[in-house]
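The values are calculated or read from the model by the stated rules, or taken from the named source; none is laboratory data. Quantities reported herein were computed from a predicted structural model and do not represent experimental measurements. Every residue, glycine among them, receives a Cβ derived from its backbone with ideal geometry; neighbour counts consider all protein chains shown. Heavy atoms of the whole protein, side chains included, go into the accessibility calculation; ligands, DNA and RNA do not. Shrake-Rupley method; radii C 1.70, N 1.55, O 1.52, S 1.80 Å.
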Amino acid sequence: RAETGGGGSLKKVAPPGALGALAGAALLSYTPAATARLLSATLLFGLGAIVALRFYRIAPRRAEAAGAPSATVLRLIGLLGGFVDSTGGGGWGPIATSGLLAGSSLPPCRVVGTTSASEFFVTVAAVA
């Protein structure tokens, strides 16, 4: 068994992601499209910069940072990713993947598995 789903991470990311998608869909009717686009672009640029800085950092990660990401980090990533996904017409994948890569020490296969599995719940909440 490949175990790329990240069951513990999935349970912490999917529900806040679904709530963020519901909130984003509800607020979308009150937010101008240009403002939503600017917010999504700014968030994606910021997360991309964090991932690039972590990738190019010369110093190795400290041993204390290794392990599972905190529940707070996972919930914030889920909430933000769900919100951007429903308001920007997409974005769960870039936000959740880069957020999990930047904010945790999960292996990349677990990050992709968790993001893909939780996307189902976010999409259902966004279109409900």
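Answer with yes or no whether I50 is modelled with pLDDT of 75 or more, open to solvent by less than 20 Å² (accessible area, probe 1.4 Å) and β-branched (V, I, T).
On the way: modelled with pLDDT of 75 or more: yes; open to solvent by less than 20 Å² (accessible area, probe 1.4 Å): no; β-branched (V, I, T): yes.
Taking the combined requirement at face value, the residue does not satisfy it.
Report yes if A125 is open to solvent by 60 Å² or more (accessible area, probe 1.4 Å), at negative phi and either of a type outside the set (K, R) or modelled with pLDDT under 85 (or both), otherwise no. Give the steps one after another, and end with the answer.
Numbers: open to solvent by 60 Å² or more (accessible area, probe 1.4 Å): no; at negative phi: yes; either of a type outside the set (K, R) or modelled with pLDDT under 85 (or both): yes.
For A125, the condition - open to solvent by 60 Å² or more (accessible area, probe 1.4 Å), at negative phi and either of a type outside the set (K, R) or modelled with pLDDT under 85 (or both) - is not met.
Residue-wise test of (1) within 22 Å of T123 (Cβ to Cβ); (2) exposed (fewer than 12 other Cβ atoms within 10 Å of the Cβ); (3) modelled with pLDDT of 85 or more.
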| residue | (1), (2), (3) |
| --- | --- |
| T42 | no, yes, no |
| Y56 | no, yes, no |
| L74 | yes, no, yes |
| G93 | yes, no, yes |
| S104 | no, no, no |
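If I filter segment 26-40 for residues that are open to solvent by less than 40 Å² (accessible area, probe 1.4 Å), assigned to a helix (DSSP H, G or I), at pLDDT 75 or above and closer than 25 Å to A117 by Cα, do I get at least one hit?
Within segment 26-40, none of the residues are open to solvent by less than 40 Å² (accessible area, probe 1.4 Å), assigned to a helix (DSSP H, G or I), at pLDDT 75 or above and closer than 25 Å to A117 by Cα.
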